[in-house]
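The values are calculated or read from the model by the stated rules, or taken from the named source; none is laboratory data. Computed from a predicted model, the values in this text were never measured in an experiment. Using ideal geometry, Cβ is built from the backbone for each residue, glycine included, and neighbour counts are taken over all protein chains shown. Please note that ligands, DNA and RNA were not included when accessible areas were found on the heavy atoms of the full protein model with its side chains. Shrake-Rupley method; radii C 1.70, N 1.55, O 1.52, S 1.80 Å.
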Amino acid sequence: MTANAILQAACAQFAEKGFEGASLAGIAQAVGIKKQSIATYFPKKEDLFMAAFGEMARHYYEFLEQLYKGLRDTPIEMRLREIMYKNYYYKVEHPVLTAFYKMAVQFPPPFFQDLLEAQIAGMEQRSAVLYRAIFEEGMNTGIIRQQRADSLLSAYYCLLDGIAMQMFFYKQDEFEQRLEDIWGIFWAGIKQS
């Protein structure tokens, strides 16, 4: 229980202050423990940061797997559209995890640069399995026009990443309208004529 509480507090601190600005004392205070108690679970601040990033990635991937299972029997367009929308709503509903991810990716601590690239690649490989299956099914059934699955994946990741950045600049109602527009253009570009 304490390790989970430490990870949650660490995510919040790292999201708000970055690696350098976050303090073990502040994290301990948020959990209601002594600073030295953190070392029982995470010997160094670097270990805590990596564990927090891993927990954030685990949480997101569990969400993605559940989403994928729930959409398995829906039409191709709806699956891809819902994944896009649900990714957006996930970020809205989990602002701390979203901010932590954004901070870690945009301003990674020096020790984490290589590990970050490996973590991101691992996250992308796991999600690519799910997305690729949808794209390949769509092409095999003639719903999506024939093209390289890797090209579709690249475009879809750019779509999701762009949404993740754009969502910070608009009010929710306005952004939801933008999502409709974005989806319409994306789908028109990949569907079979």
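Helices in the chain, meaning DSSP H runs of at least 4 residues, each add -39500 (n - 2.57). Divided by all residues, the mean residue ellipticity at 222 nm is -27500 deg cm²/dmol. Within straight-line reach of Lys44, meaning a Cα separation under 30 Å, sit the following lysines at least 8 residues removed in sequence or on another chain: Lys17, Lys34, Lys35, Lys91, Lys102. Modelled spin-label separation between Glu77 and Ala155, with each label point placed 7 Å from Cα along the Cα-to-Cβ direction: 1.5 nm. Could you calculate the FRET efficiency of Asp181 with Glu65 from 1/(1 + (r/R0)^6), where r is the beta carbon distance between them and R0 is 30 Å, rounded to 0.05? For R0 = 30 Å, the calculated efficiency reads 0.55.
For the pair the stretch 161-193 and the stretch 54-113, the centres of their Cα atoms are 16 angstrom apart. Shown here for the stretch 145-193: trypsin sites (Lys or Arg not before Pro) in loop regions (DSSP other than H, G, I, E, B) with at most 10 other Cβ atoms within 10 Å, namely Arg148, Lys171.
Once the 1.4 Å probe is applied to the protein heavy atoms, the chain comes out at 56 Å² accessible per residue. Expressed as a whole percent, the accessible surface of the chain that belongs to carbon and sulfur atoms is 53, based on a 1.4 Å probe.
Please check: in the Gaussian network model of the chain (C-alpha springs, under 10 Å), which one of Tyr101, Tyr170, Tyr157 has the largest mean-square fluctuation. Residue with maximal mean-square fluctuation among Tyr101, Tyr170, Tyr157: Tyr170.
Full extension of the chain between Gln192 and Val92 gives 32.8 nm of extra length, using 0.36 nm per residue less the Cα-Cα distance.
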